[in-house]
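A quick write-up on the structure given underneath.
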Amino acid sequence: MPLSITLSKAEHARAFQSINRKSDGIMNYVLLVYFFFGIFLAFFYDTWFVALTVGGLSLVAYFGCRLLLPESSLSHYVMSVVFALFAAQFIYQMHGMFEMHFMFFVGSALLITYRNWKLILPLFIVTVIHHAWFSWLQYSGNREIYFTQLDYMSLQAFLFHAGLAAVIMGICGFWCYDLGKSVIEDASKTLMLERQVSNVENNMKFAEAITQGDLKTQYDVTDASDELGRSLVKMRDSLRSSLEREEEEKFITVGITKIGDVVREHGHDPVALADAFVATLVKYVGLNQGALFVSEGEASDAHLRLAACYAYNRKKFIDQRVEAGQGLVGQCFLERDAIYLTAVPSNYLKITSGLGEAIPRCVFIVPVKTSDEIAGVIELASFNPLRQCEKDFIIRAAEDIASAILSSRTTQRIKLLLADSEQRTEEMRSQEEEMRQNMEELQATQEEMGRKQLEHEERLKALNSSGIGSAEFSLNGHLLDANESFLKMMGYRLDEIQGKHHRMFVTEGEADTDGYRRFWDDLQSGQVSSGTFKRINRSRETLFVHGSYNIVRDITGRPQKVIGLSLDVTSLMSRQLQA
């Protein structure tokens, strides 16, 4: 901490005020003594005119300046000049008596009481001018001018005389400077002590206010050296910041608790939950309007529906539906980021009360979302700007209600799935019973089919042992299977003809006829063909077979394949031809 401080102009004047007042009182008497001393000398040297005019004008100049400019230090400089004029007056009155030159030094000594070295300068200047001018006039032959009683003064003697005067006045000026410096230092120390005492008193009052919990009191530290004051201000600011943080955290915690109570009370009913949430949020934060929009639809048709509102203009959304990206609400839903608007357009939203409508000062739009999914958007309006803690609370409340909405949706979805599952279970029970009955019928059918299959196999055995050839063809004429009688009749093995077309058993001329193609078209349409047919065996010998081509149908009655039954009647046909 510095031992002294720099004084202002006013403080500097106050430091010298008592000194100047005391010195002025002394100088009043001194100047009167000087004046009457000049009157006294007039008795001996008959210099009444000089004593009265010069002395009187000097007193008038000094006291007039003090009277006209009481707050100015100009009178002191006039007094310095007056001391020089009185010294010159005394020298003149005593016809150049050399001892009277010491009156200049007396004046400079008297000026030391003011402790202002600058007051020596007017005295010194006038002294130099007087000595130079009057000595020149006297030694130029002007007998009416008195500077000294010497008949002649050399330049060297004059310079020694002037130098001695300068040294004496310089010493006086030095003491003025040194004493003035001491006054300034004492005043600086006194002022610093007064400031320190004042700072201590103010700091004590400020500390007392802090201990009483008044952290909003204003305290300006104007003194740069008041380290304690600045430390107290820092402590006050730190305590106030801590208190504000604590109040903000308490505000958020209490609000979240209220929102939690709403969720627990109305979590089973999405409609009641939305209404209670918006009303609680608006009232707790001190807002004027609020609305909750919930998301609906799939990704291709995602939109928002007005689910609940508080003091809200429902006419803004007549159909209560907002598309993704439509307006600020839709944009918030699309970007999943909060929007804080302070410059609210006049046509955007108005708060309605009994006194009319007014535009809110701020609008806060917050997405109702979790970390993975968005459930809707909250739009809030207020006449007052929102604090940061209020914004943080609204965002956290939106997250909590998002979880509740999504949980409610999940619960509803689970209920629907459970109901659907129960319905499906009941349907499966019915289907199971029906299937059991069908299985019983199928088993009876299989048993019946087994008997028929056995009968069919017995018939095939009988057919094979009877020598009748049997062959199965697809509807387009490719051979699928044949019995031994057919293979023996045609002279092939089954692997040689399986998959080949029926035209290999007819002549080439016949295979290209319209009658042969119509033969297979009729079979494909389900018509049976029977009679005696001309066929070619492996040896390219002509055979005559008597038989029929029958259609095998599936369970729906559609043709599935063709079974050809044939009996070799070549020998019979030969005898008939010979006869």
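Brief remarks follow.
- Only one of Ala402, Ala397 that is assigned to a helix (DSSP H, G or I), hydrophobic (A, V, I, L, M, F, W, C), touching a strand residue (DSSP E or B) at 6+ places or on another chain (Cβ under 6 Å) and within 30 Å of Ala274 (Cα to Cα): Ala402
This table checks each residue for (1) over 30 Å from Val278 (Cβ atoms); (2) touching a Gly at 6+ places or on another chain (Cβ under 6 Å); (3) modelled with pLDDT of 75 or more.
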| position | (1), (2), (3) |
| --- | --- |
| Thr211 | yes, no, yes |
| Asp220 | yes, no, no |
| Met235 | yes, no, yes |
| Thr253 | no, no, yes |
| Thr257 | no, no, yes |
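- Of all residues in the stretch 494-509, those satisfying the criterion of being assigned to a helix (DSSP H, G or I) and open to solvent by less than 30 Å² (accessible area, probe 1.4 Å) are Ile497, His502, Phe505.
- Odd one out for Ala187, checked against (1) in contact (Cβ under 8 Å) with a residue 40 or more places away in the chain; (2) more than 25 Å from Ile125 (Cβ to Cβ); (3) open to solvent by 50 Å² or more (accessible area, probe 1.4 Å): (3)
- The set of residues from the stretch 510-541 being in contact with a helix residue (DSSP H, G or I) (Cβ under 7 Å, 6 or more places away or on another chain) and open to solvent by less than 20 Å² (accessible area, probe 1.4 Å) comprises Ala511, Tyr516, Arg535, Ile536, Asn537.
- Of all residues in the stretch 98-127, those being assigned to a helix (DSSP H, G or I) and touching a Lys or Arg at 6+ places or on another chain (Cβ under 9 Å) number 1.
Conditions tested, residue by residue: (1) surrounded by fewer than 10 Cβ atoms within 10 Å (Cβ to Cβ); (2) without any contact (Cβ under 8 Å) to a residue 40 or more places away in the chain; (3) within 60 Å of the chain's Cα centre (by Cα).
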site	(1), (2), (3)
Ile405	no, no, yes
Ser408	no, no, yes
Arg413	no, yes, yes
Glu422	no, yes, yes
Met428	no, yes, yes
Arg451	no, yes, no
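- Each residue in the stretch 469-493 was checked for being open to solvent by 50 Å² or more (accessible area, probe 1.4 Å) and of a type in the set (A, V, I, L, M, F, W, C), and 1 pass.
- The stretch 23-52 residues that are in contact (Cβ under 8 Å) with a residue 40 or more places away in the chain, paired with ones that are part of a helix (DSSP H, G or I) and open to solvent by 70 Å² or more (accessible area, probe 1.4 Å) (beta carbon under 7 Å, 6 or more apart): Ala42/Trp48
- Count - residues of the stretch 4-39 that are out of contact with any helix residue (DSSP H, G or I) (no Cβ under 8 Å at 6 or more places or on another chain), exposed (fewer than 12 other Cβ atoms within 10 Å of the Cβ) and either among the aromatic types (Phe, Trp, Tyr) or not in a helix (DSSP H, G or I) (or both): 2
- Among the residues of the stretch 542-579, those identified as part of a helix (DSSP H, G or I) and loosely packed, with under 13 Cβ neighbours inside 10 Å are Ser571, Ser574, Arg575, Gln576, Leu577, Gln578.
- Within the stretch 261-275, if we keep just the residues that are in contact (Cβ under 8 Å) with a residue 24 or more places away in the chain and not β-branched (Val, Ile, Thr), the residue that is surrounded by the most Cβ atoms within 10 Å (Cβ to Cβ) turns out to be Ala274.
- Residue list for the stretch 321-339, restricted to those being open to solvent by 40 Å² or more (accessible area, probe 1.4 Å), farther than 15 Å from Ile394 by Cβ and assigned to a loop (DSSP other than H, G, I, E, B): Ala324, Gln326, Arg336
- Conditions (1) under 29 Å from Ala272 (Cβ atoms); (2) modelled with pLDDT under 65; (3) open to solvent by 40 Å² or more (accessible area, probe 1.4 Å): number failed by Asn347: (1)
- When Lys258, Lys234, Lys283, Lys250 are screened for being assigned to a helix (DSSP H, G or I), closer than 30 Å to Gly325 by Cα, without any contact (Cβ under 8 Å) to a residue 60 or more places away in the chain and open to solvent by 60 Å² or more (accessible area, probe 1.4 Å), only Lys283 passes.
The values are calculated or read from the model by the stated rules, or taken from the named source; none is laboratory data. Owing to the predicted nature of the structure, the values given are computational and were not obtained by experimental measurement. Note: ideal-geometry Cβ built from the backbone for every residue, glycine included; neighbour counts use all protein chains shown. Areas reflect the complete protein model, heavy atoms only, side chains present, ligands, DNA and RNA absent. Shrake-Rupley method; radii C 1.70, N 1.55, O 1.52, S 1.80 Å.
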